[in-house]
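For reference, the structure is listed below as structure tokens.
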Amino acid sequence: MGKLTLCNVSMTYHTLHTETKTLDDISIKVDEGEFVVLVGPSGCGKSTLLSIIAGLITPTSGSVYLDNKIISYPCNKIGYMFQKDTLFEWRSIYKNITLGLEIRRELTKDNIDFANNLIEKYGLSSFKNYYPSQLSGGMRQRVALIRTLVLNPEILLLDEPFSALDYHTRLLVSDEIYKIIKAEGKTTLMVTHDIAEAISLADRIIVLSSRPAKIKKEFNINLSIENRTPLTSRNAPEFKDYFNLIWKELDKYDK
Amino acid sequence: MINNTPSKEHLEYISKIKRRNTLITLCRILILIIFIAQWEITARLNIVDPFLVSQPSKIVTTFFKLMQEGHLLRHTYVTCIETIIGFISGTIIGTLIAIILWLSDFINKVLEPYLVVLNALPKIALGPILIFWVGNGQPAIIIIALTISLIVTIISVLTGFNDVDEDMIKLVKTFGANKYQILKYVVLPHSLPAIISTLKINVGLSWVGVIVGEFLVAKEGLGFLIVFGGQVAQLDMVMLSIIILSIIAYIMYAIVSKIESKYIK
Ligand SMILES: Nc1ncnc2c1ncn2[C@@H]1O[C@H](COP(=O)(O)OP(=O)(O)O)[C@@H](O)[C@H]1O
Ligand SMILES: [Mg+2]
């Protein structure tokens, strides 16, 4: 089994008026160090799936395994990044980055050194005392990632982390964040509805149907390109083929 | 590169704005002078009855007379203290109740209709009952002031609490935060601007509460001076009290605004 495993996860939301079946029997395996991207139309249940893995909601049925054991919450091996950077405007960049340590009461010397290392390594040293409103959207998303990495999670969950950025910034930031994640060797599960973005980042893509989300198809992404990064990926000869395959896969469901 | 020497157009633009601002200030002062002057003149010429509307020179005389007798400062002080205690305690107690309601969604839901009714009720109407309960004195005045701002505070602070971005709460939950940590790290700091603007509203409400309270029970305070002046047909005293009241209310409001602008950028 893999690093992170979902077994037959289903989720139904209940309100007084309706019940909404959102996830239908989802089973996923993510291996150590792998970058897996879930692609699915908006509203199909992608965020719900990540929330279940993070332990924010309990699935109606099915289970989540980490290192082959049923995961117990709160789990400090999982880091979560959102579409919006959710930086705290009233805290400095440094205070934002160490927020998780503060909440976990783990502001030890080792951890602070680790945080400072990351800050230095990823070019945030000179912004430590800035406030989030003074940074650009791309920079803020980088801070959000470092804030997650400071807690040294084994698995990263990324929920459409670039979709709030404009196109140009999105390409640059996804490149940057991909490199950081690879350098830190994290196992990653990302969701997006942007096919090109998915191909440019993923080792493997899982296509979800519209709500209730079912797994439709999986694609191993093999690009014949050296020193693969999200930006260079887009020049790979196979890029368009994957795009068309996934496009067709998604298209079927909207009919 | 930053251009340090502003261009000619920019300098012209600045001086235009400045001239306009000076003009606005001048007009404001002018209105005040004209108003006071016509008041004095029409009263002296008996165009208006000085007994009914008083007159500026007499108000000034009354001011010095009351200052010499040593009571005016005391009356002003009493009213100020009552107001300050009123709006600060209203804000603090209201915020504490809002925290309890935020912590327990159940209590919140149970109390919701009561809050709506209490909010709609003109709290001044409770004045006589409160006096009956707390007795004829300063505590009653303060409690009236507090009652007026309490419900509004609870409602607006709670609205601030519920306005927090869900994702921020989710984020700290993934850090393992419990409900008190969510309150401490996310909800309270996020709502600080809302709490401070409530404070600002409460200053105004508290003045109303205190003056009405003094009308009803006081033996000192500006509200008392107003009622007393009316009873003994001393319109100068009434007018003077009102003028002092508006100046102090303005100063207090300005101070709270200053605090507000420090926290809300
Ligand atoms: N707390 C909730 N209660 C009821 N329905 C919800 C709730 N959260 C999400 N949903 C519904 O579940 C579906 C999937 O939502 P979501 O997981 O956010 O989709 P995605 O992230 O793929 O856009 C949506 O139709 C949404 O309306
Ligand atoms: Mg979503």
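Observations on the model:
- Given (1) open to solvent by 30 Å² or more (accessible area, probe 1.4 Å); (2) out of contact with any Phe, Trp or Tyr (no Cβ under 9 Å at 6 or more places or on another chain); (3) over 23 Å from A:Val150 (Cα atoms), index of the condition A:Glu19 fails: (2)
- Meets criteria (within 16 Å of ligand 2 (Cβ to nearest atom), at pLDDT 90 or above and on the phi > 0 side of the Ramachandran plot) for A:Glu197: no
- Residue within region A:65-80 that is within 16 Å of ligand 1 (Cβ to nearest atom), open to solvent by 10 Å² or more (accessible area, probe 1.4 Å) and within 14 Å of chain B (Cβ to nearest Cβ) present: no
- So A:Ser210, is it within 15 Å of ligand 1 (Cβ to nearest atom) and either assigned to a loop (DSSP other than H, G, I, E, B) or more than 23 Å from A:Gly43 (Cβ to Cβ) (or both): yes
- Here region A:81-117 is the region considered, the condition is being within 14 Å of another protein chain (Cβ to nearest Cβ) and either touching a strand residue (DSSP E or B) at 6+ places or on another chain (Cβ under 7 Å) or of a type in the set (Ser, Thr, Tyr) (or both), and the residue that is nearest to A:Asn152 (Cα to Cα) is A:Thr98.
- Looking across region B:154-171, just one residue is facing another protein chain (nearest Cβ under 7 Å) and in contact with a Phe, Trp or Tyr (Cβ under 6 Å, 6 or more places away or on another chain), and that is B:Asp167.
- Taken over region B:233-252, residues that are at pLDDT 90 or above and open to solvent by 60 Å² or more (accessible area, probe 1.4 Å) amount to 6.
- Residue check for A:Ile52: among the β-branched types (Val, Ile, Thr) and more than 16 Å from ligand 1 (Cβ to nearest atom): no
- From the options A:Asp194, A:Asp159, residue that is charged (D, E, K, R), within 16 Å of ligand 1 (Cβ to nearest atom) and within 14 Å of another protein chain (Cβ to nearest Cβ): A:Asp159
- The test for being touching a helix residue (DSSP H, G or I) at 6+ places or on another chain (Cβ under 6 Å) and more than 14 Å from chain B (Cβ to nearest Cβ) does not hold for A:Gly2.
- The combined condition, being within 14 Å of another protein chain (Cβ to nearest Cβ), within 14 Å of the chain's Cα centre (by Cα), under 16 Å from B:Ile92 (Cα atoms) and in contact (Cβ under 8 Å) with a residue 24 or more places away in the chain, is fulfilled by B:Ile196.
- For first residues located in region B:59-79 and over 20 Å from B:Glu214 (Cα atoms), partners that are open to solvent by less than 80 Å² (accessible area, probe 1.4 Å) and not in a helix (DSSP H, G or I) and lie 6+ apart or on another chain with Cβ distances below 8 Å form the pairs B:Thr62/B:Gln234.
- Taken together, A:Thr86, A:Thr98, A:Thr58 contain a single residue that is within 16 Å of the chain's Cα centre (by Cα), among the hydroxyl-bearing types (Ser, Thr, Tyr) and either away from ligand 2 (no atom under 16 Å from the Cβ) or crowded, with 21+ Cβ neighbours inside 10 Å (or both), which is A:Thr86.
- Verdict on A:Asn117 being in contact with a Phe, Trp or Tyr (Cβ under 8 Å, 6 or more places away or on another chain) and surrounded by fewer than 16 Cβ atoms within 10 Å (Cβ to Cβ): no
- Of the helices (runs of 4 or more DSSP H) entirely within region B:1-109, those holding at least 3 residues that are not hydrophobic (A, V, I, L, M, F, W, C) occupy B:8-44, B:56-69, B:71-103.
- The residue pairs whose first member lies in region A:226-244 and is at pLDDT below 85, whose second member is part of a helix (DSSP H, G or I), and whose beta carbons are closer than 6 Å, counting only pairs six or more residues apart or on different chains, do not exist in this structure.
Listed here are the residues, each with its yes/no results for (1) within 13 Å of ligand 2 (Cβ to nearest atom); (2) surrounded by 21 or more Cβ atoms within 10 Å (Cβ to Cβ); (3) basic (Lys, Arg).
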site	(1), (2), (3)
A:Asp25	no, no, no
A:Lys29	no, no, yes
A:Gly45	yes, yes, no
A:Ser51	yes, yes, no
A:Ser63	no, no, no
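The values are calculated or read from the model by the stated rules, or taken from the named source; none is laboratory data. Just so it is clear, the model here is predicted, and its values are computed rather than measured. Methodologically, a virtual Cβ is constructed for each residue, glycine included, from the backbone with ideal geometry; neighbour enumeration extends over all protein chains shown. Areas reflect the complete protein model, heavy atoms only, side chains present, ligands, DNA and RNA absent. Shrake-Rupley method; radii C 1.70, N 1.55, O 1.52, S 1.80 Å.
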